[in-house]
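Please treat every number below as a calculation from the coordinates, not as lab data. What you see is a predicted model, and the numbers here were worked out from it, not measured in a lab. Using ideal geometry, Cβ is built from the backbone for each residue, glycine included, and neighbour counts are taken over all protein chains shown.
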Amino acid sequence: MNYWLLKSEPDVYSLDDLKDEGTDCWDGVRNYQARNNLTAMEEGDLGFFYHSRTKPPHIAGICRIAKKAYPDPTAFDPEENYYDPKSDPDDPRWFCPDVSYVCHLPETVSLKKIKKEESLSEMVLVKNSRLSVQPVTKEEFKKVCLMGGLKKIPE
DNA sequence: GCCAACGTTGGC
DNA sequence: GCCAACGTTGGC
């Protein structure tokens, strides 16, 4: 079981949107490091849903990987914002897993709080703020769950 | 809305 | 393969 953090601008796609959908594909990622993390995900892995470019930016809740990453269809469609002519359907460059809604945290955990927390000083979120799909350690996952007021940590 | 930090592109 | 120019992300 691995843990992850997925960023999204809530104006574009929020945790509430995922809740409404139930399960959705995490498409549109066009960064190699993030792509490598997406393809390393296994079905059943848990992830934080992070709201970026908000006041304040925060971890909103939890999602689960519902299906291992497959070629991202939005890369092949010229009508799509995320169209990438360099991604060949016979040799895809971009991939997306399906993620499903798990829960909202009772209290969102702001980036500010995370930065203040000594035990979270090694989080990728703190060290490499640009990366939109990141690994999270089990300890970090538990800690943020507790900070968010979650009584029972999902497994 | 600004801009620092980071990633990518492409000429040489 | 270097690196300048450019584009994007995301906190503030």
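Listing for the model above:
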{"item": "Residues of region A:60-101 with amide N under 13 Å of the 7 Å Cα→Cβ point at residue A:12", "result": "A:81-83"}
{"item": "Amide H contacts of residue A:72 (H built 1.01 Å from N, under 5 Å, at least 5 apart or other chain)", "result": "A:94, A:95, A:96"}
{"item": "Rg to Rh quotient for chain A, alpha carbon positions, Kirkwood Rh", "result": "0.97"}
{"item": "Whole-Hz ³J(HN,Hα) from phi, Karplus 6.51 cos²θ - 1.76 cosθ + 1.60, for region A:49-61, glycine and proline x", "result": "9, 9, 9, 9, 6, 10, 10, x, x, 7, 8, 9, x"}
{"item": "27 Å Cα-Cα threshold exceeded, pairs from A:116/A:151; A:7/A:68; A:67/A:116; A:55/A:116", "result": "A:67/A:116"}
{"item": "Formal net charge of residues neighbouring residue A:50 (Cβ-Cβ distance under 11 Å; K, R +1; D, E -1)", "result": "+1"}
{"item": "Contour minus Cα-Cα distance for residue A:139 and residue A:107 (0.36 nm per residue)", "result": "9.6 nm"}
